[in-house]
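Following: one structure in structure tokens, then a few remarks.
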Amino acid sequence: MLYQRSSALFKDAQNYIPGGVNSPVRAFKSVGGTPLFIKKAEGAYMMDEDDRSYVDYINSWGPMILGHTHPEVLAATIEQMKNGFSFGTPTELETEIARLITSVVPGIDMVRMVNSGTEACMSAIRLARGYTQRDKIVKFEGCYHGHSDSFLIKAGSGAATFGNPNSPGVTQGTAKDTLLAPYNDLEAVKALFEQNKGEIAAIIIEPIAGNMGCIVPTQAFLQGIRALCTENNALLIFDEVMTGFRQAMGGAQEKLGIDADIVTFGKVIGGGFPVGAFAARKEIMNHLAPLGAVYQAGTLSGNPIAMRAGLTTLTLINNDRELFNRIESTTEILDKAISAIFTEKGIAHRINRLGSMMSVFFTEDEVNNFDDAAKANHDSFNKFFHHLLSHGIYIAPSGYETWFISDAIKSLEVEKTLEAVRSFNL
Ligand SMILES: *Cc1c(COP(=O)(O)O)cnc(C)c1O
């Protein structure tokens, strides 16, 4: 049996951990079968507890953009650890990482570090509400901004996979302040602003969506919501937890040339450690405690080991001018080759891609929002997933997720991947 030890470990885990996992999508519920229990990873590969190795296209859901266990990040982090694990005081490192982030991300003067993308988005919304003194927010169907109450309304990622995009436990009081529109639908957003005049604090959006599969925004849509925010004195929040330091050093703002008012980060920013951040211009960030009245705090926020891993990762990315082109070109090669193979086999498909994010949908139609993604054939996706897995290729275990291409994936890994795709039949 391929996954013998993983299967036994999964069974055991379910006795002590709900569903055997500490984050739902890891349970493989959407695709079925046994989640891989991983014991180590290096470069482009992860090794499971049955000693099988896999080309990794999940990369911890994005953070490992340089590949696993990058030697420089590893060395810097070990060195940092020798000075202590956590102090609960300011450290010079926090200023260093903040200086780097504010110097490369457009339109921000200040940044506050937190411990996850969820925390970053939750705090960004509170700041936007405090700043505008309004309650309502606009979010898009299928976008995922972490698991805090305001966002679990038609949420993407694991929430979509398990058929409860609206989570029980979110009060109606909270839900009523979250207004919804379909992604890429400017008219729907306009209507929300007309119906809720003077009440909308912010629009929050994944500027390149990745939690309903990869969905690319139209330029007119992003420009349109930017203009609506400006006209209505609402803030535009770009949730760049996935796209930040992946699509460009300045994230989707730089890549697409649209300015947001508040930006949130996670994933790559921590280099594999639990880090998130939110940032904005001074005039907005001044509202945050201890300067202003909007409260936000964290015992482990700015943890020195996480900061060192993040700073080293960001510095490596920033110093490598070709990195984004390289991983984008790997992604393009994969996209075109997979598409050619499927076309030859007569398999209906759409591959959405921007930069180093990509998703394969089994459908003939364009996929521009959550409903389109839901209409794709997810049984076919699940077959594809298991076929790749059994051939040593690890993609996300759901048709509502994105591939994250790392810089460790080279032509050898691409060829292995295409070899596996060639033997796939529906
Ligand atoms: C992953 C993700 C989050 C949540 O981040 P966590 O670190 O899992 O809390 C929020 N927004 C987007 C766009 C994400 O991809």
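The values are calculated or read from the model by the stated rules, or taken from the named source; none is laboratory data. Nothing here was measured: the structure is a model prediction, and the numbers come from that model. Note that we place each Cβ from the backbone using ideal geometry, even for glycine, and neighbour counts take in every protein chain shown. All accessible areas refer to the heavy atoms of the entire protein, side chains included, with ligands and DNA or RNA removed. Shrake-Rupley method; radii C 1.70, N 1.55, O 1.52, S 1.80 Å.
Pairs are defined by a Cβ separation below 7 Å, a sequence spacing of at least 6 or placement on different chains, a first member in the stretch 263-280 that is within 17 Å of residue 102 (Cβ to Cβ) and assigned to a strand (DSSP E or B), and a second member that is charged (D, E, K, R) and within 11 Å of the ligand (Cβ to nearest atom); the pairs so defined are 263/240; 264/239; 264/240; 265/240; 276/119.
Can you find a residue in the stretch 305-316 that is more than 17 Å from the chain's Cα centre (by Cα), open to solvent by 60 Å² or more (accessible area, probe 1.4 Å) and farther than 24 Å from residue 228 by Cα? Yes: one or more hits. Checked against (1) open to solvent by 10 Å² or more (accessible area, probe 1.4 Å); (2) more than 13 Å from the ligand (Cβ to nearest atom), residue 274 passes all but a single condition, namely (2).
Tally time: how many residues in the stretch 113-133 are of a type outside the set (D, E, K, R) and in contact with a Gly (Cβ under 7 Å, 6 or more places away or on another chain)?
Residues flagged as of a type outside the set (D, E, K, R) and in contact with a Gly (Cβ under 7 Å, 6 or more places away or on another chain) within the stretch 113-133 amount to 9.
Considering only the stretch 39-58, I want to know if a residue exists there that is in a helix (DSSP H, G or I), within 21 Å of residue 390 (Cβ to Cβ) and either open to solvent by 50 Å² or more (accessible area, probe 1.4 Å) or at pLDDT 95 or above (or both). Checking the stretch 39-58: not a single residue is in a helix (DSSP H, G or I), within 21 Å of residue 390 (Cβ to Cβ) and either open to solvent by 50 Å² or more (accessible area, probe 1.4 Å) or at pLDDT 95 or above (or both).
Here's the yes/no breakdown for (1) open to solvent by less than 20 Å² (accessible area, probe 1.4 Å); (2) farther than 23 Å from residue 268 by Cα; (3) in the same structural domain as residue 241 (by TED's automatic domain parsing):
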position: 109; (1), (2), (3): no, no, yes
position: 129; (1), (2), (3): no, yes, yes
position: 134; (1), (2), (3): no, yes, yes
position: 157; (1), (2), (3): yes, no, yes
position: 172; (1), (2), (3): no, yes, yes
position: 183; (1), (2), (3): yes, yes, yes
position: 188; (1), (2), (3): no, yes, yes
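The set of residues in the stretch 212-229 that are open to solvent by 10 Å² or more (accessible area, probe 1.4 Å) and either outside any helix (DSSP H, G or I) or within 16 Å of the ligand (Cβ to nearest atom) (or both) comprises 216, 217, 218.
None of 359, 329, 398 is within 17 Å of residue 26 (Cα to Cα) and not assigned by TED's automatic domain parsing to the domain that holds residue 185 except 398. Pairs linking a residue in the stretch 51-70 that is of a type in the set (Asp, Glu) to a residue that is within 15 Å of the ligand (Cβ to nearest atom), with Cβ atoms under 9 Å and 6 or more positions apart or on different chains, are 56/64; 56/404.
Here's the yes/no breakdown for (1) more than 26 Å from residue 279 (Cβ to Cβ); (2) without any contact (Cβ under 8 Å) to a residue 24 or more places away in the chain:
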position	(1), (2)
36	yes, no
39	yes, yes
42	yes, no
74	yes, yes
78	yes, yes
99	no, yes
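The criterion of at least 1 residues that are aliphatic (A, V, I, L, M) and within 16 Å of the ligand (Cβ to nearest atom) is met, among helices (runs of 4 or more DSSP H) falling completely within the stretch 68-137, by 117-132.
Any residue at all in the stretch 230-243 that is in a helix (DSSP H, G or I) and within 11 Å of the ligand (Cβ to nearest atom)? So far as the stretch 230-243 goes, no, none of its residues is in a helix (DSSP H, G or I) and within 11 Å of the ligand (Cβ to nearest atom).
Highlighted here are the helices (runs of 4 or more DSSP H) found entirely within the stretch 317-426 that include at least 3 residues which are open to solvent by less than 10 Å² (accessible area, probe 1.4 Å): 323-345, 378-390, 411-422.
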